[in-house]
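Everything below concerns the one structure shown next.
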Amino acid sequence: MKILVVDDEKDVRALFEQRFRREIRSGQFAFTFAYSGEEALDFLHAHPSEVVLILSDINMPGMSGLELLKRIRQEYAAPPPPLPPQVMMITAYGDEESHQQALQLGANDFLTKPVDFTALKAKLTSMASHEN
C-alpha cells in the first residue's frame with residue numbers, strides 16, 4: 001500500500017521509517033514524504049493512481065492540511081480511475097473545530113499528535129488487507 005505522509009516537520013520521515021521498518025522491508029507499506037501541501041499536490045499530479053492513503057498534518061505553513069484535503073476532494077471527486085485516496089488528518093490540537101472541519105471536507109479519519117503508532121499500524125494493516 002502506497003502512503004503519502006505530508007508534514008512540514010522533516011523528522012517525521014525518520015520516525016515513520018523507524019516505526020514501520022518491518023512493513024517497509026516486507027513491501028507491505030511504501031511511504032513517500034512531502035513537506036508541504038503544495039509538494040503533496042505536485043506528487044499526486046505526477047503519480048495520479050499510486051497513492052492509496054494520505055496522512056496529512058493540519059497545521060503547516062503555506063497550504064494547511066485542511067486546504068490540501070479540500071483540493072484533493074475537489075480534484076479526485078470523479079468516479080475511478082483513479083480511486084480517490086483515503087485521507088487521514090493529523091494534528092497536535094485535539095480541538096473539535098479542526099476535527100469537524102476535516103470531517104466536513106471529507107477526511108476518512110483523524111489522529112492527534114503524538115501519533116499512537118500501534119493504533120496507526122493496526123488501521124493501516126486493516127486498510128491494506130481490504131485493498132487486496
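The values are calculated or read from the model by the stated rules, or taken from the named source; none is laboratory data. Note that the structure is a prediction, hence the values are computed from the model and not measured. As a convention, Cβ positions derive from the backbone with ideal geometry for all residues, glycine included, and neighbour counts pool all protein chains shown.
To keep it simple, each residue is scored yes or no on (1) assigned to a strand (DSSP E or B); (2) touching a strand residue (DSSP E or B) at 6+ places or on another chain (Cβ under 7 Å).
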site	(1), (2)
E39	no, no
N59	no, yes
L66	no, no
K70	no, no
M88	yes, yes
S98	no, yes
Q101	no, no
A119	no, no
A128	no, no
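Does I54 meet the test of being surrounded by 20 or more Cβ atoms within 10 Å (Cβ to Cβ) and closer than 20 Å to H130 by Cα? It would help to see each step written out before you state the result.
Values: surrounded by 20 or more Cβ atoms within 10 Å (Cβ to Cβ): yes; closer than 20 Å to H130 by Cα: yes.
Spelling it out, I54 is indeed surrounded by 20 or more Cβ atoms within 10 Å (Cβ to Cβ) and closer than 20 Å to H130 by Cα.
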Discussion item. Need pairs with beta-carbon distance below 8 Å; first residue over 17 Å from M63 (Cβ atoms) and of a type outside the set (A, V, I, L, M) and within the range 27-48, second loosely packed, with under 14 Cβ neighbours inside 10 Å and at pLDDT 95 or above; sequence gap 6+ or separate chains.
Written reply: F31/E17
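Please work out if D57 is of a type in the set (D, E, K, R), without any contact (Cβ under 8 Å) to a residue 24 or more places away in the chain and closer than 14 Å to V6 by Cα.
On the way: of a type in the set (D, E, K, R): yes; without any contact (Cβ under 8 Å) to a residue 24 or more places away in the chain: no; closer than 14 Å to V6 by Cα: yes.
In short, no.
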Worksheet item: For the range 2-23, what are the residues that are surrounded by fewer than 20 Cβ atoms within 10 Å (Cβ to Cβ) and farther than 19 Å from D116 by Cβ?
Response: K2, D8, K10
Worksheet entry | Odd one out for F117, checked against (1) of a type in the set (F, W, Y); (2) crowded, with 18+ Cβ neighbours inside 10 Å; (3) over 13 Å from K2 (Cα atoms) | (2)
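Matching residues to (1) touching an Asp or Glu at 6+ places or on another chain (Cβ under 6 Å); (2) at negative phi:
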residue: K2; (1), (2): yes, yes
residue: E9; (1), (2): no, yes
residue: G27; (1), (2): no, no
residue: F33; (1), (2): no, yes
residue: E39; (1), (2): no, yes
residue: G65; (1), (2): yes, yes
residue: R73; (1), (2): no, yes
Item to complete: Go through the residues of the range 85-94 one by one and say whether even a single one is over 13 Å from the mean Cα position of the chain (by Cα), hydroxyl-bearing (S, T, Y) and surrounded by 14 or more Cβ atoms within 10 Å (Cβ to Cβ).
Response: no
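Among the residues that make up the range 3-13, is at least one of them hydrophobic (A, V, I, L, M, F, W, C) and assigned to a loop (DSSP other than H, G, I, E, B)?
Of the residues in the range 3-13, the ones hydrophobic (A, V, I, L, M, F, W, C) are 3-6, 12.
Cutting the leftovers down to assigned to a loop (DSSP other than H, G, I, E, B) gives us none.
Scanning the range 3-13 turns up no residue that is hydrophobic (A, V, I, L, M, F, W, C) and assigned to a loop (DSSP other than H, G, I, E, B).
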Worksheet item: N108 versus (1) surrounded by 14 or more Cβ atoms within 10 Å (Cβ to Cβ); (2) modelled with pLDDT of 90 or more; (3) closer than 17 Å to F16 by Cβ; (4) of a type in the set (S, T, N, Q): which is the lone unmet condition?
Response: (3)
Worksheet entry | Checking S129 against (1) modelled with pLDDT of 85 or more; (2) small (G, A, S); (3) within 23 Å of R19 (Cβ to Cβ), the condition it does not meet | (1)
